Amino acid sequence: MTVLALKNIKKHFVTATDWRGRPQHVVRAVDDVSLQIAHKESLGLVGESGCGKTTLARIAMKLIAPDTGEIILGGKNISLLSQTQMRPLRRKIQMVFQDPFNSLDPRFTIRRILNEAMLLSSLSTAEKEGRFRELLLAVGLSPDILHRFPYEFSGGERQRIAIARALAADPQLVILDEAVSSLDVLVQEQVLNMLLDLQQRFGVTYFFISHNLNVIKKLCPQIAVMYQGRIVEQAYRESLLNQPQHPYTKNLLSAAMSYRCDRDFVFDWASSKMRWTQKTKGHFVLE
Amino acid sequence: MNKDKKPLNQFQAGYAVFVRNRWAVFCLIVLGLLYTTAIFADFLSPYRYDNEDRSYSFCPPMKVHWKNEQGALSRPYVYATSFSFNEVHRRIYLEDKAQKFFIRLLPKGDSYRLLGVIPWDRHLFGVDSPGRLHLWGADSRGRDLFSRIFWGARISLSIGIIGVAISFVLGLLVGGMAGYYGGRVDNVLMRICEMFMMVPGFYLMLALRAAFPPHLNSFQVYLLIIVIFSFIGWASLARVIRGMSMSLKEREYVLAAKAMGLSDIRIIATHILPHTMSYSIIAIMLSIPGYIMGESALSLLGLGIQDPYASWGNLLSEAMGIVSIQLAPWILLPGFFIFLTVICFNVVGDALRDALDPTLKVEG
Ligand SMILES: Nc1ncnc2c1ncn2[C@@H]1O[C@H](COP(=O)(O)OP(=O)(O)OP(=O)(O)O)[C@@H](O)[C@H]1O
Ligand SMILES: [Mg+2]
């Protein structure tokens, strides 16, 4: 069953016009992209910075209008719906934004942020409160934080709050736009594990966007590679990782692989007051 | 989780900066006092605004005596006043030492409704009739200037506040919508704004006043002035708010709100306008003086509040002739109050600017 299908989506930004208003310079942010996301088959979208990933995600969310193309959500063509007609369908598809410092209104408490996401639900106040707690626990936060403000949290915690908010509406599909890219590797790992866990519990499908293949391959059984506004390769994870076909994918894979080091680290370890040892040549560790 | 670290929010931090500015705090207190006197004008002043006695026309400020004839300390009192005419038939007021009137606390006088509800007829201080107390002198019709300045404060000070409130609601709404929707909505709304901003405010004010019938009662005139000022004032605010709104709508939390299916009005009201708050507060403070001066100017020209009602502007209209200024300089006092209020609002506004948002940028 297809949750979301994008057909021939195109979005060009005109960044400069001449004196008659004719386009002088056009950025082809998304150039004829088609994608399908099946239920419980999360799709990862990988691509370098500026290749149009965020633009594509926003088009899928109907936050910006594509120049051409169709968006099919749960079998229904939503590309021509107005914002008002779109409102009841919104809860099916949610998004976690790229910048955790920008995606939560600094003037809202966590309770208000979550409450806003459940505005269209018919739950009573007490039921909502119960749901807030459940959500916060699910994303690994304490339910006591409901009265606090976003600035009191670290980036990783904010991203968890944003994930809780996206899940609050009980969506079928969650678009995660670089959801872990701004986090350090260990926190990234935690959040990814949490996302896998949430996928089981809430039965959601992810459309996971990242420039980091290592992150994507952990979460998504299907991977699409985007390059300069186009999808250049898509396949199941194993196939893509083992037999990359497109030169850009090969490039990406080799860049994501191990680093080669041909120099030794120089460190005057004998004179340090700490107890350093040299495990192999040019490799130091504190005991 | 960093439990102990609780950074000050912007307003708390702003407060700390503000109170360090002694001068601004002083001005804020002065403003507070002025508004308090305006609210309690009927109680604080010895007479009603229209209590007149022609035999006190242009009576100079009376001297309050603290010592009796023997030089001993006594309750404060004033002497009765009598007048004679000089060679050009102008009145010369003299103290009549035969009769003194003690200044009393809470004497009975003109009746009024305290705070608009409680009927009462006692005033904070005054003298018993037939004596009259004119601490700051009297005007041409023998009305107490002290009382009339207090009563006038009601009109002059409230016009600023109410006018600003209305034009700010308008400005925020129009600016917020123009910036948020962009495109054609923005174009139309901004062209309308520019039409208002193009016309010099004072002429627009005169033209609008002229467009209404000349014989309105005072309350209607009061409302009319407020409406005229709001009409002129909203445009410049709308433009600035529009700019902020345009940059705020790109924030991801606004997109998130949209993705959750919130209505546009709700997004503007909860995610856009609150972030323009500190700018708005500063702009409010700095634009109130304009309203007060505008009212004064209209009333001074006789187009605003009409006699017998008092506003600082129409009190000054008595001071338009050089002769009256020479002979009765005390009728310039309302001008001092206008000056004081305007200065205070400006100082407080500037201090708020420093405190809330030094760069006047959109809030984070
Ligand atoms: N509103 C806009 N107006 C003009 N150009 C835009 C606009 N939004 C995006 N672009 C351009 O479209 C291209 C794709 O942008 P997009 O944000 O989708 O990239 P991205 O893949 O998400 O990059 P990143 O990984 O850095 O987030 C960029 O070159 C960008 O400059
Ligand atoms: Mg992006």
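The values are calculated or read from the model by the stated rules, or taken from the named source; none is laboratory data. Because the structure is predicted, anything quoted here is derived from the model rather than measured. Glycine also receives a Cβ, built like all others from the backbone with ideal geometry; neighbour counts cover every protein chain displayed. Ligands, DNA and RNA are excluded from the accessible area calculation, which covers all protein heavy atoms including side chains. Shrake-Rupley method; radii C 1.70, N 1.55, O 1.52, S 1.80 Å.
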Shielding by partners, peptide A:87-98 (average Cβ within 10 angstrom, other chains): 3
Descending semi-axes in whole angstrom, ellipsoid equivalent of chain A, from the Cα gyration tensor: 35, 29, 19
All aspartates and glutamates inside 14 Å of residue A:10 as judged from Cα atoms, apart from same-chain residues fewer than 8 positions distant: A:31, A:32, A:67, A:70
Mean Cβ neighbour count within 10 Å, used as a protection proxy, ranking B:136-145, B:178-187, A:93-102, A:124-133 highest first: A:93-102, B:136-145, B:178-187, A:124-133
Sorted peptide list for B:272-278, A:77-83, criterion being average Cβ within 10 angstrom, highest first: B:272-278, A:77-83
Cα-based Kirkwood hydrodynamic radius, the stretch B:53-142, one decimal, Å: 14.6
Estimated [θ] at 222 nm from DSSP helical runs (n ≥ 4, -39500 (n - 2.57)) normalised by residues in chain A, nearest 500: -9000 deg cm²/dmol
Under 29 Å from residue B:97, Cα to Cα: lysines that are on another chain or at least 8 residues apart: B:63, B:67, B:108
Neighbour-limited loop hits for GluC sites (Glu not before Pro), the stretch B:152-255 (at most 14 other Cβ within 10 Å; DSSP other than H, G, I, E, B): B:250
Shielding by partners, peptide A:101-109 (average Cβ within 10 angstrom, other chains): 6
Surface share of carbon and sulfur [accessible, 1.4 angstrom probe, percent] for the protein assembly as shown: 60
Within the stretch B:327-359, chymotrypsin sites (Phe, Trp or Tyr not before Pro) in DSSP loop having at most 15 other beta-carbon neighbours inside 10 Å: none
Computed Rg/Rh of the stretch A:1-137, alpha carbon atoms with Kirkwood Rh: 1.03
Long-range HN-HN contacts of residue A:38 with modeled amide H, under 5 Å: A:3
Above-threshold pairs, the threshold being 26 Å between Cα atoms, out of A:53/A:217; A:40/A:76; A:11/B:258; A:92/A:250: A:92/A:250
In Å, descending, principal axis extents of the Cα set of the protein assembly as shown: 117, 69, 51
Between the stretch B:100-159 and the stretch A:41-118, the Cα center-to-center distance that results, in Å: 66
Per-residue mean of C-beta atoms belonging to partner chains within 10 Å, peptide B:225-231: 0
Measure of compaction for chain B (Cα Rg per 2.2 N^0.38 Å): 1.24
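What are the membrane-span-like helices in chain B by this rule: whole DSSP H runs, Cα extent along the axis at least 24 Å, mean Kyte-Doolittle hydropathy at least 1.0?
Working: long enough: B:22-39 (26 Å, 1.83); B:145-181 (53 Å, 1.51); B:218-248 (44 Å, 1.50); B:277-300 (34 Å, 1.28); B:333-356 (34 Å, 1.50).
Sorted by number, the helices that extend far enough and score high enough are B:22-39, B:145-181, B:218-248, B:277-300, B:333-356.
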Relative contact order %, chain B, counting alpha carbon pairs below 8 Å whose residues are six or more apart: 21
Label-point separation in nm, residue B:197 to residue B:29, each point 7 Å along Cα→Cβ: 3.9
